[in-house]
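Below: one structure, written as structure tokens.
The values are calculated or read from the model by the stated rules, or taken from the named source; none is laboratory data. Predicted, not measured: the structure shown is a model, and the values here were computed from it. For neighbour counting, all protein chains shown are included, and Cβ atoms are generated from backbone atoms with ideal geometry for every residue, glycine included. Calculation scope for accessible area: heavy atoms of the full protein, side chains included, ligands and nucleic acids excluded. Shrake-Rupley method; radii C 1.70, N 1.55, O 1.52, S 1.80 Å.
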Amino acid sequence: MAEQQSLFPEIDRPETGLKKSERKPLDRISLPVYGMVCAKCVTRVTAALQSVAGVHDVDVLLDQSLARISFDPKQSGRTLFEQAVVAAGYSCHPLPPAEVMPASDESSDETWDEFRDDETPPEAPLEAYQFEHFRFDVRGMTCATCAATIAKHLQMTPGLSSVMVNFADETATVDFDPAMTTREQIFEVVAKTGYQPFVDRTEKSDQLESLRELRWLIFATLIALPILPLMWWQPFGNATLYVIMGLATITQFSAGLTFYRGAYLSLRNFSANMDVLVALGITAAYGYSMLAANHLGGLSGEVFFETSAMLIMFIRFGKWLEARAKGKASQALNQLLSLQADIATVLVDGVERRVPLSEVKVGDRIIVRPGEKIPVDGTLLEGRTSVDESMLTGEPVPAVKGPGDALTGATVNGSGRLVMQASRVGDETVLASIVRMVAKAQGDKAPIQRMADAVANWFVPAVVLISALTFSAWIVSGAEFVFAFRMAVAVLVIACPCALGLATPTAIMIGSSIGLRSGILIKKASALENIARIDIMLFDKTGTLTEGKFRVTDAVHAEGLTSAELLTLASSAAQVSQHPLCVALVERAEVKKIILQRPQDGEEIGGYGVRCTIEGVTVLLGSSNLMAEEGVSLKGMLVIGQELATEGKSLIFVARSGQLLGLIALRDKPREGAGETITALHQIGIPSVMLTGDRKEAAMATADRLGIERVEAEVLPDQKQEIVRRYIEQGYRVGMVGDGINDAPALAQADVGIAVGSGTDVAKEAGDIVLVNGNMRDVVRAVRLGRKTLSKIKQNLFWAFIFNIIGIPVAAGLLYPAFGLYLKPEYAGLAMSFSSVAVVSNSLLLKRFARRLKKPEGC
């Protein structure tokens, strides 16, 4: 560690400064809200809370009757929030004062200094509403405006809680109250907006959609291509014009009809999408040519039927390429959905029955033969095998399973015949939870997308205005009507809001799918962006940097006592708690086959240790702080205790009747890959901080072993969140790595919470990112993936903006006066199509990064 250049040159301890920026610290609060019955209620409560000074972010959950608020504690607080809720017409159930994401009541960290006896505040009771999660596909969207239109109408539907519509993978996800609405009614709402909702989308359906676009492209090509030679050669004399007119008309109202349909639906919903621009362009070209060819409206002269026909053909070509690219982008989720087994072999009264998966119930006994997929989550009752869990953990090495071990649905049984008992079925399985979280992440909007959405809102009206100004400017400058008209049409069709709408979600889809295959579960889109920006990483120690499995290494006893007697007394008292140190003592006694005494009146003393009565005598077990508070002298043990602590060992002092009997030292083993992770983070410019309840000497010894240069020692469990907050206040963008359940408050407070998961409890984990298989190296991989994804998003947005910034002036004829260059409308349409394809294809290039992601080195 001494050879590494410090990443904290400006400070020694966080308290001394660290003024990287003036970033305000935010508190988070969960506030119960009662009386909400639909999405409109959610909107009203959200607006009311957002109007309170100092509020940064509001997330109102109808299904949980809860509002989660991020706010500046110097400007607002719970009282103001309750007043805002009441003013909006709702109420807050009286609860104990809300904590800033209260910690679990389980003691879960390093030493006796982290013991406490506080209780987790009770959760707000749920409303009577039981919400269902429903994800379905939507066909017919052509740009982000279409997705916004569908979302707007769904949000006005009674009984719907949350609504997400994803243009990139053409899906919609809603939570709804089945007592107020049904899936059929939801489909009706979508259908009334003019789009086609459906379920059971597969990879084959994506291929069929691509094939449908290809057929339309071939048809449009066969009709449109002959128009060009006919215009040049005039083989039928004057009749040639009518042949061209007929071909153009067929193209206009067959292959081009989809743009009219889309424009009509968009305008009917009081919005303007890409179809409006295309419909205006092809109508202008075709309509003018039709009038001029028939000498109507005083028009005559040059016609350009080929412009509208070729424009339709080129845009159809782009649509086909886009359908292919988007199909590839959404493969990950479809592959996840296809992992589930269709049939299960259930044991009923000793008879095996093959039943559909939907008929399997909790408690059923299921037979799984070698090579078969495990149908549902459950517990292994009979048999031994190795299970391929790569779909869940990303690890290729099979996991060995025996009776009593947990089995996860959709994983593959190896060589043994198994009998298992179902514990989770249907939507409760791990696979179903992962699918929901991945779908939510892919449908979520990253913060960087807000800029693109803001531009898209006024994009189409602005383009129409620019087109009109282009026409007027050329007419005023003396250009011919037809030339000015062509320039105006070119402006209409080259402008592309689609690329802006695809820039972020396609990259998020690919990035999250790469993470999923690597055992990194991204729970929301913002996590991928935020983790790319973090500049400090905080680590919980026990169970995160270490395995959390302590072993006894030393026992120092007072005169007149043996080591066995000291261990017996300490282990007996340790039965009071489930702290890892207690568990280690009890396990040691079991190994030594020591008969333990039953403790009476046992209690955990907040943050320090245990007090109990054994054989009528008071016994204390815990930290030096506990001994000091109880008036127990440590004389004779301080020096050796300090020596043991400097070796990185945790200390437990034992006292009886106010007299010190000795101390026991325990050591935890570093988690595999922890040191590599710290080094790799250092190499990419991210310093690490270890949070631990250990004494400073022990903490520094562990930090030295791992290469960590900053330690927050003697930290109580409920202080972790405050430490995260302090680093945020000092200007850092903070990542926090810890146990997804016990470290939930600190994970929630951090800019990015990374939970070290267990593989089977991913649905319960807190945090924005879950490391499914608990591999510490995945922390670095997650950072690298986030940075690469954010880089792709920026590239996509750059090309989407630069295309329009350059393309629209060129289409308007900006280069014509100086260089004689201009863009025909049909080629402008081709360029527009390729801009969307380029953005999706650039996102797909992220897949090449997946092979390099396995390496733990810096980015």
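Could we say that residue 438 is surrounded by 17 or more Cβ atoms within 10 Å (Cβ to Cβ) and at pLDDT 70 or above here?
Values: surrounded by 17 or more Cβ atoms within 10 Å (Cβ to Cβ): yes; at pLDDT 70 or above: no.
Taking the combined requirement at face value, the residue does not satisfy it.
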**Request:** Kindly indicate whether any position in segment 530-551 is within 30 Å of residue 836 (Cα to Cα) and charged (D, E, K, R).
**Result:** yes
**Item:** Sole residue being open to solvent by less than 30 Å² (accessible area, probe 1.4 Å), at pLDDT below 90 and either in contact with a Pro (Cβ under 6 Å, 6 or more places away or on another chain) or not aromatic (Phe, Trp, Tyr) (or both), chosen from 644, 620
**Value:** 644
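Scan segment 800-814 and give yes if some residue there is aliphatic (A, V, I, L, M), over 25 Å from residue 281 (Cβ atoms) and either modelled with pLDDT under 90 or more than 20 Å from the chain's Cα centre (by Cα) (or both), otherwise no.
Here is the first cut: in segment 800-814, the ones aliphatic (A, V, I, L, M) are 800, 802, 805-806, 808, 810-812, 814.
In the following step, the residues that additionally are over 25 Å from residue 281 (Cβ atoms) were identified as none.
For segment 800-814, residues aliphatic (A, V, I, L, M), over 25 Å from residue 281 (Cβ atoms) and either modelled with pLDDT under 90 or more than 20 Å from the chain's Cα centre (by Cα) (or both): absent.
Considering only residues that are assigned to a strand (DSSP E or B) and under 29 Å from residue 670 (Cα atoms), look in segment 591-617 and name the one that is most open to solvent (accessible area, probe 1.4 Å). It would help to see each step written out before you state the result.
Here is the first cut: in segment 591-617, the ones assigned to a strand (DSSP E or B) are 600-605, 609-614, 617.
Now drop any that are not under 29 Å from residue 670 (Cα atoms), which leaves 604-605, 609-610.
Values: 604: 44, 605: 28, 609: 0, 610: 0 Å².
For segment 591-617, the residue satisfying everything is 604.
Out of the residues in segment 321-330 that are part of a helix (DSSP H, G or I) and open to solvent by less than 50 Å² (accessible area, probe 1.4 Å), state the one that is modelled with the lowest pLDDT.
Restricting attention to segment 321-330, the residues satisfying the condition of being part of a helix (DSSP H, G or I) are 321-329.
Subsequent filtering for residues that are open to solvent by less than 50 Å² (accessible area, probe 1.4 Å) retains 321-323, 325-327, 329.
Details: 321: 71, 322: 68, 323: 72, 325: 65, 326: 62, 327: 65, 329: 56.
In this case the residue turns out to be 329.
Looking at this structure, is residue 550 more than 16 Å from residue 655 (Cα to Cα), in contact with a Pro (Cβ under 6 Å, 6 or more places away or on another chain) and at pLDDT 85 or above? Steps first, please.
Details: more than 16 Å from residue 655 (Cα to Cα): yes; in contact with a Pro (Cβ under 6 Å, 6 or more places away or on another chain): yes; at pLDDT 85 or above: yes.
Spelling it out, residue 550 is indeed more than 16 Å from residue 655 (Cα to Cα), in contact with a Pro (Cβ under 6 Å, 6 or more places away or on another chain) and at pLDDT 85 or above.
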**Request:** Considering each of 347, 339 in turn, give the residue that is open to solvent by 20 Å² or more (accessible area, probe 1.4 Å), at pLDDT 85 or above and touching a Lys or Arg at 6+ places or on another chain (Cβ under 8 Å).
**Result:** 347
**Prompt:** For segment 658-745, which helices (runs of 4 or more DSSP H) that fit wholly inside it have 3 or more residues that are open to solvent by less than 20 Å² (accessible area, probe 1.4 Å) and closer than 24 Å to residue 584 by Cα?
**Reply:** 696-706
**Request:** Output yes when any residue across segment 7-30 is open to solvent by 30 Å² or more (accessible area, probe 1.4 Å), farther than 30 Å from residue 537 by Cα and at pLDDT 65 or above, and no when none is.
**Result:** no
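Which fully enclosed helices (runs of 4 or more DSSP H) of segment 770-859 have 1 or more residues being among the hydroxyl-bearing types (Ser, Thr, Tyr), closer than 21 Å to residue 518 by Cα and open to solvent by 40 Å² or more (accessible area, probe 1.4 Å)?
On the way: elements: 777-811, 816-819, 825-844, 849-852.
The helices (runs of 4 or more DSSP H) meeting that bar are 777-811.
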**Request:** Considering (1) modelled with pLDDT of 90 or more; (2) open to solvent by 50 Å² or more (accessible area, probe 1.4 Å), say which one residue 418 fails and leave the rest.
**Result:** (2)
**Complete:** When segment 750-769 is checked residue by residue, the ones that are closer than 25 Å to residue 700 by Cβ and either open to solvent by less than 10 Å² (accessible area, probe 1.4 Å) or at pLDDT 90 or above (or both) are 750, 754
**Fill in**
Those residues of segment 473-529 which are part of a helix (DSSP H, G or I), of a type in the set (S, T, N, Q) and open to solvent by 10 Å² or more (accessible area, probe 1.4 Å) amount to 526
